[in-house]
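In what follows, a single structure is set out as structure tokens and then discussed.
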Amino acid sequence: MRPKFKKWAEPLIKENSQIACFEDDLSDSLQSFLTLPNLNLEIGCGKGMFAISMCKKFPEQNFLIIEKVTTVAGICLKEILKSEINNIYLICGDFEKLYDKLPKKFNNIFLNHPDPWPKKRHEKRRLTSPKFLNIYKNLLNKDGKLIFKTDNLDLFNYTIEKLNENSWFLSKIDYDYKQNDEFDAYTNYQLNFISKNIKINRLIAETTEEL
């Protein structure tokens, strides 16, 4: 469930252009951020629990995060400001409308519990549809990784199928992920699912083909 509209969210994002911006007003600070090494991308960051935790655990890594819903992005930005981390940048916008403005240099792309869009007619909206998988290939470094978590088994199996069809190498597939990868962090959704004894599915796919 999306939070209620917060009128303060848009002004907050505009007032903090050193760490946040909208998709139609990409700031100079963002351009500088994108020149940094060790870039990672999270699409659909929600309230930011995952990215903020990763930034604290791995200060040498830099995280670009994207959130489509302005109110949610505003809540995320509040958490970033409270955390006082400096290795993160938030774009409020639609990934599909701005990916061609991003550099082709990400080490990892994270998809954490995206909308499964279960109806067949909505397949193209799934963030693991072939259209998006090709976009990720273009944004990742050589040997870059796509790291995907979901509670939705149908989406997980669909993703495995599409990755195999599109020449990705699946280096890890876990149907009952126990948070045992050091290079990871919890999300709000994940903790909620775990509290309800819902299994988490996770995979890592690489851009290089298996020889």
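Residues in segment 27-65 near a label at Asn141, defined as backbone nitrogen under 11 Å from the 7 Å Cα→Cβ point?
The answer is 37-40, 61-62.
Could you check which residue among Asn86, Asn197, Asn152 shows the biggest mean-square fluctuation in a GNM of the chain with a 10 Å Cα cutoff?
Evaluated over the chain, the most mobile residue of the options is Asn197.
Between segment 43-93 and segment 138-211, how many Å separate their Cα centres?
That distance is 20 Å.
From the helices alone, meaning DSSP H stretches of at least four residues, give me the mean residue ellipticity at 222 nm for the chain, per-run term -39500 (n - 2.57), in deg cm²/dmol to the nearest 500. Working shown, then result.
On the way: 8 runs with 71 residues, N = 211.
Result for the chain, helices only: -9500 deg cm²/dmol.
Over the Cα atoms of the chain, what radius of gyration and what Dmax do you get, in Å?
In Å, with Rg to one decimal and Dmax whole: 16.5, 53.
In Å and whole numbers, how far do the C-alpha atoms of segment 94-190 stretch along each principal axis, longest first?
35, 34, 27
Just to check I understand the Karplus step: with θ = phi - 60° and J = 6.51 cos²θ - 1.76 cosθ + 1.60, what whole-Hz values come out for segment 157-167, glycine and proline as x?
5, 4, 5, 4, 4, 6, 5, 4, 5, 10, 6
Check which residues have an amide H placed less than 5 Å from Lys145's amide H, if you skip close sequence neighbours.
Result for Lys145 returns Asn108, Ile109.
Mind checking the per residue accessible area of the chain for me, 1.4 Å probe, whole number of Å²?
On the way: 11110 Å² over 211 residues.
With the other protein chains kept in place, the chain gives 53 Å² per residue.
Could you give the length gained by full extension between Asn197 and Ile173, i.e. 0.36 nm per residue of separation minus their alpha carbon distance, to one decimal place? Intermediate results must be reported in sequence, preceding the final value.
Values: separation 24, 0.36 × 24 = 8.64 nm, distance 1.95 nm.
This chain segment gains 6.7 nm when fully extended.
Using the Karplus curve 6.51 cos²θ - 1.76 cosθ + 1.60 with θ = phi - 60°, what ³J(HN,Hα) values do you get for each residue of segment 112-128, in whole Hz, with x for Gly and Pro?
Values per residue, Gly and Pro as x: 10, 6, x, 4, x, 6, x, 6, 4, 5, 9, 3, 5, 7, 5, 6, 10 Hz.
What is the angle, in °, between the Cα long axis of helix 130-139 and the longest principal axis of the Cα atoms in the chain? Nearest 10 is fine, range 0 to 90.
60 degrees
Among Glu42, Glu67, Glu15, determine the one that fluctuates most according to a GNM of the chain built with springs between C-alpha atoms less than 10 Å apart.
Result for the chain, Cα springs under 10 Å: Glu15 fluctuates most.
At 1.567 mPa s and 4 °C, plugging the Kirkwood radius over alpha-carbon pairs of segment 1-77 into Stokes-Einstein gives what diffusion coefficient in µm²/s?
Numbers: Rh = 13.1 Å.
Here the translational diffusion coefficient equals 99 µm²/s.
The values are calculated or read from the model by the stated rules, or taken from the named source; none is laboratory data. It should be emphasised that the depicted structure is a prediction, and the values quoted were computed from it without experimental measurement. With ideal geometry, Cβ positions are generated from the backbone for all residues, glycine too; neighbour counts draw on all protein chains shown. Remember, those area values only see protein heavy atoms, side chains included, never the ligands or the DNA or RNA. Shrake-Rupley method; radii C 1.70, N 1.55, O 1.52, S 1.80 Å.
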